[in-house]
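Working notes, structure below.
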Amino acid sequence: MSAAICSRAARAAHVRGRARRNQRNGALVDSAQFKASQAQWRKWYNFLSGSEKWLNIRGHEISGRDMLDWRFLNHGYEPIAADDVAPVLRPEDEAGRSSLQLYHHLATKAPLEGKDVLEVGSGRGGGSWYVARYHRPRRMIGMDLAENAVEFARRAHKAPGLSYQVGDALNLPFADRSFDAVLNVESSHCYDSIDTFASELKRVLRPGGVVLLTDLRPAQDMPELGRTFEAAGFRIASTQDITANVVRAIDRRSQDATNINAFLKSKALLSAWQMLVTEETAETFEGTAEDFFVTPSSKTYRCLVEREILYWTFVMSAPA
Ligand SMILES: C[S@@+](CC[C@H](N)C(=O)[O-])C[C@H]1O[C@@H](n2cnc3c(N)ncnc32)[C@H](O)[C@@H]1O
């Protein structure tokens, strides 16, 4: 999920800077404001799957850990094109349909059956769980920087060949040439260096191995993402702009009275959000939690609708 792009503290500067940027290149969303450090993201995602201990210290009643049916942390995907058919799901997966469809969209772009597959940034683990059950890889590892998310995933999701572990996208805890495919869903915007991520993927993939990546960026930054992988030696087989599919998923989800809506209004969440606002993080975290979770009244949603933020899918292959 994206950070709040326009914070209160940064808003004045943003507005001042906007005129200059518009003159220069027409861009509205400031790339710098899109950035938070990995350490900040780790803290936030650890909160979202947080331990009771952490929350008890602050006297709160609930934590992300209580949301046992909350298996995903992405904005979701809704099919639009006539030939883009929604997957048939098992009853236990219907609650997460919107987010799961983003994984379905990505995982159907390459054959994964019988392969060794890694997901980098697996969050609460629902995506790797889906891939393990529906696409039958030989081995499916979900890896994430946030220890609490990994702990939740291990507890909530079991399937043959599936495991979860803690690890950093920029220092993958795997031997060279370990995987046939890597999935990466709405996570790369958190990384301090895409160059390092690309070279780590090249190292752990077997020759010709596949990267399936989907994520959002300020529109002006999206081309750079592909160029960075190309510079690392990857071949881009296809790119797809799925911004409209993601917007439709947000629209649809906002009509549901789900757990997430209750969680959004919870004191625990709002208080944790405020805790993340320090002088150094203000540009990213001072917005509302609504901006992070992206509801139709959020700034991020407007940026997606106005195409100032884009959501793209990349299918890439490592050198043969
Ligand atoms: C928006 S969530 C997406 C989670 C999951 N892919 C999903 O769609 O449900 C982004 C995830 O990336 C993880 N992440 C951020 N930086 C990371 C890094 N350097 N290495 C591994 N995971 C990272 C976060 O902890 C978080 O779980």
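Could you please give the count of residues in the stretch 160-177 that are open to solvent by 20 Å² or more (accessible area, probe 1.4 Å), assigned to a loop (DSSP other than H, G, I, E, B) and within 16 Å of the ligand (Cβ to nearest atom)? Talk me through it step by step, then tell me what you get.
To start, the set of residues in the stretch 160-177 that are open to solvent by 20 Å² or more (accessible area, probe 1.4 Å) comprises 160-163, 165-166, 168, 170-171, 173-177.
Filter again for assigned to a loop (DSSP other than H, G, I, E, B), leaving 160-161, 170, 173-177.
With the extra rule that they be within 16 Å of the ligand (Cβ to nearest atom), the set shrinks to 170, 173-174.
Adding up the residues that qualify gives 3.
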In the stretch 211-233, which residues are in contact with a Phe, Trp or Tyr (Cβ under 9 Å, 6 or more places away or on another chain) and open to solvent by 30 Å² or more (accessible area, probe 1.4 Å)?
ASP221
Quick one: would you say SER122 is polar (S, T, N, Q), within 18 Å of VAL204 (Cβ to Cβ) and not in a strand (DSSP E or B)?
yes
Which members of the stretch 47-92 meet the condition of being at pLDDT below 50, of a type in the set (D, E, K, R) and either under 24 Å from LEU310 (Cα atoms) or open to solvent by 90 Å² or more (accessible area, probe 1.4 Å) (or both)?
GLU52, LYS53, ARG58, GLU61
If a residue has to be buried (at least 17 other Cβ atoms within 10 Å of the Cβ) and touching a residue at least 60 places away in the same chain (Cβ under 8 Å) to count, how many in the stretch 198-210 make the cut?
6
Just give me the residues in the stretch 179-218 being in contact with a Lys or Arg (Cβ under 6 Å, 6 or more places away or on another chain) and aliphatic (A, V, I, L, M), in sequence order.
ALA181, LEU212
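Of the residues ALA132, ALA149, only one is within 12 Å of the ligand (Cβ to nearest atom) and open to solvent by less than 50 Å² (accessible area, probe 1.4 Å); which? So that I can check it myself, show each step before the final result.
On the way: ALA132 fails: within 12 Å of the ligand (Cβ to nearest atom).
The conditions single out ALA149.
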Just one of (1) within 12 Å of the ligand (Cβ to nearest atom); (2) charged (D, E, K, R); (3) under 23 Å from THR313 (Cβ atoms) trips up ASP116, so point out which.
(1)
Show the residue pairs that are 6+ apart or on different chains and have beta-carbon atoms under 7 Å apart, the first residue being within the stretch 68-89 and on the phi > 0 side of the Ramachandran plot, the second being within 10 Å of the ligand (Cβ to nearest atom).
GLY76/SER99; GLY76/LEU102
Which numbered condition in (1) at pLDDT 95 or above; (2) touching a His at 6+ places or on another chain (Cβ under 7 Å) is the only one that THR228 fails?
(2)
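The rows are residues; the columns are (1) touching a helix residue (DSSP H, G or I) at 6+ places or on another chain (Cβ under 8 Å); (2) basic (Lys, Arg).
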| residue | (1), (2) |
| --- | --- |
| LEU145 | yes, no |
| GLU151 | no, no |
| VAL166 | yes, no |
| ASN184 | no, no |
| ASP192 | yes, no |
| LYS202 | no, yes |
| GLY208 | no, no |
| ASP215 | yes, no |
Filtered residue count, the stretch 179-200, keeping only those that are near the ligand (Cβ under 9 Å from one of its atoms), at pLDDT 95 or above and in contact with a strand residue (DSSP E or B) (Cβ under 6 Å, 6 or more places away or on another chain):
5
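Does HIS157 meet the test of being surrounded by fewer than 24 Cβ atoms within 10 Å (Cβ to Cβ), at pLDDT below 95, more than 10 Å from the ligand (Cβ to nearest atom) and not charged (D, E, K, R)?
On the way: surrounded by fewer than 24 Cβ atoms within 10 Å (Cβ to Cβ): yes; at pLDDT below 95: yes; more than 10 Å from the ligand (Cβ to nearest atom): yes; not charged (D, E, K, R): yes.
So HIS157 passes the test.
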Pairing a residue in the stretch 281-303 that is under 14 Å from ALA36 (Cβ atoms) with any residue that is basic (Lys, Arg) and at pLDDT below 65, where Cβ atoms lie under 7 Å and the two sit 6 or more apart in sequence or on different chains, gives GLU286/ARG8
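The values are calculated or read from the model by the stated rules, or taken from the named source; none is laboratory data. Note that the structure is predicted; figures quoted are calculated from it, not measured. Counting neighbours? That spans all protein chains shown, and the Cβs are built from the backbone with ideal geometry, glycine included. Side chains included, ligands, DNA and RNA excluded: accessible areas come from the protein's heavy atoms. Shrake-Rupley method; radii C 1.70, N 1.55, O 1.52, S 1.80 Å.
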